[in-house]
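Everything below concerns the one structure shown next.
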Amino acid sequence: MKKIAVFVSGGGSNLQSIIDSVESGSLSLEIAVVISNKDDAYGLTRARNHGIPTRIVRHGDFDGREEFESRLISILDGYKVDLVVLAGFMRVLTPTFVRHYRHRIINIHPAILPSFPGTHGQQQAFDYGVRFSGCTTHFIDEGTDTGPIILQAVVPVLPEDTVDSMAARILREEHRIYPESLRLWAAGRLQIEGRKVRILPDDQSDGVK
Ligand code: GRF
């Protein structure tokens with residue numbers, strides 16, 4: 001079975017959706033380890049509640065990004081991780097790290113990329129006045145939220161919405177498309193062709209390219 005590591009910095013509701021999918025049997029992979037750069041990330045508690053190993057790697061404990069990421073790499077190697085799943089991880093990964101795990105890091109972003117990349121996707125979309133927003137799962141490349149797109153889900157922005165009510169609607173979709181994206185990956189059905197991801201039909205799967 002393929003192994004993933006989930007990186008969190010905060011509440012970890014996306015992590016929870018992945019844990020729930022694994023436990024219900026609808027997602028066949030092993031969450032080998034949950035890594036946080038923050039001691040108090042609630043995602044760590046969620047992992048512990050389900051008996052999943054956790055590691056805290058505080059970026060402040062290291063001289064620079066390179067050392068911080070070397071530590072991450074050594075943990076990932078130790079657990080023989082096939083895929084890094086970013087779920088609200090609030091540190092930018094360097095191009096060196098990204099190249100090391102080329103096509104083996106997935107992220108979820110709370111907007112319809114390529115609109116509103118970066119850290120405040122929901123607020124920016126809301127302030128812009130869009131009628132629809134949503135979320136995007138994508139492979140990580142060297143840019144900010146620019147990698148090949150796996151799945152997207154769209155939600156309406158209603159007249160009575162606040163940014164929080166809109167973000168909550170988006171989050172419900174995140175909890176649906178992140179496990180679904182991982183299901184496709186675990187089944188070997190995601191094939192990257194340039195900046196596009198082809199989703200292979202069920203019967204043609206031959207592994208992630
Ligand atoms: C989500 O909105 C996700 O799209 C973004 O960070 C947030 C993480 O939420 N990357 P949670 O920690 O999974 O609850």
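Residue-wise test of (1) under 24 Å from Val34 (Cβ atoms); (2) out of contact with any Ser or Thr (no Cβ under 9 Å at 6 or more places or on another chain).
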site	(1), (2)
Asp63	no, yes
Glu67	yes, yes
Ser74	yes, yes
Leu83	yes, yes
Met90	yes, no
Ile105	yes, yes
Gln123	no, yes
Phe132	no, yes
Quiz item: Under the condition of being surrounded by fewer than 18 Cβ atoms within 10 Å (Cβ to Cβ) and not in a helix (DSSP H, G or I), which residue from segment 14-27 is nearest to the ligand (Cβ to nearest atom)?
Solution: Ser26
Exercise. Could you please let me know if Gly11 is assigned to a loop (DSSP other than H, G, I, E, B), among the small types (Gly, Ala, Ser), at positive phi and within 16 Å of the ligand (Cβ to nearest atom)?
Key: no
Quiz prompt | Scan of segment 124-180 for residues that are within 12 Å of Pro110 (Cα to Cα) and small (Gly, Ala, Ser), ordered by number | solution = Ala125, Ser133, Gly134, Ala153, Ala167, Ala168
Practice problem: Read through the list (1) free of Cβ contacts under 8 Å to residues at least 40 places away in the same chain; (2) assigned to a helix (DSSP H, G or I); (3) within 14 Å of the ligand (Cβ to nearest atom); (4) not charged (D, E, K, R), then give the number of the only condition that Val34 fails. | Solution: (2)
Exercise. Could you identify the single residue in Glu30, Glu66 that is under 30 Å from Glu193 (Cα atoms), modelled with pLDDT under 95 and either more than 15 Å from the chain's Cα centre (by Cα) or surrounded by 17 or more Cβ atoms within 10 Å (Cβ to Cβ) (or both)?
Key: Glu66
Exercise. Please determine, by comparing only the residues of segment 124-137 that are more than 11 Å from the ligand (Cβ to nearest atom) and surrounded by 16 or more Cβ atoms within 10 Å (Cβ to Cβ), which one is nearest to Lys196 (Cα to Cα).
Key: Ser133
Exercise. Report yes if Arg169 is away from the ligand (no atom under 11 Å from the Cβ), assigned to a helix (DSSP H, G or I) and closer than 16 Å to Leu15 by Cα, otherwise no.
Key: no
Self-check item: Residues (among the hydrophobic types (A, V, I, L, M, F, W, C) and either closer than 28 Å to Phe97 by Cα or not in a loop (DSSP other than H, G, I, E, B) (or both)) located in segment 139-166
Solution: Phe139, Ile140, Ile149, Ile150, Leu151, Ala153, Val154, Val155, Val163, Met166
Quiz item: What is the residue count in segment 143-164 for residues that are loosely packed, with under 13 Cβ neighbours inside 10 Å and of a type in the set (D, E, K, R)?
Solution: 2
Practice problem: Name, by its number, the condition in (1) away from the ligand (no atom under 13 Å from the Cβ); (2) exposed (fewer than 14 other Cβ atoms within 10 Å of the Cβ) that does not hold for Val92. | Solution: (1)
Quiz item: Which residue pairs have Cβ atoms closer than 6 Å, lie 6 or more positions apart in sequence or on different chains, and pair a first residue in segment 80-91 that is at positive phi with a second residue that is within 16 Å of the ligand (Cβ to nearest atom) and at pLDDT 95 or above?
Solution: Gly88/Val8; Gly88/Ser9; Gly88/Gly10
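The values are calculated or read from the model by the stated rules, or taken from the named source; none is laboratory data. Treat the numbers as computed from the prediction; the structure is a model and nothing was measured. When we count neighbours, we look across all protein chains shown, and the Cβ atoms used for this are built from the backbone with ideal geometry, even at glycine.
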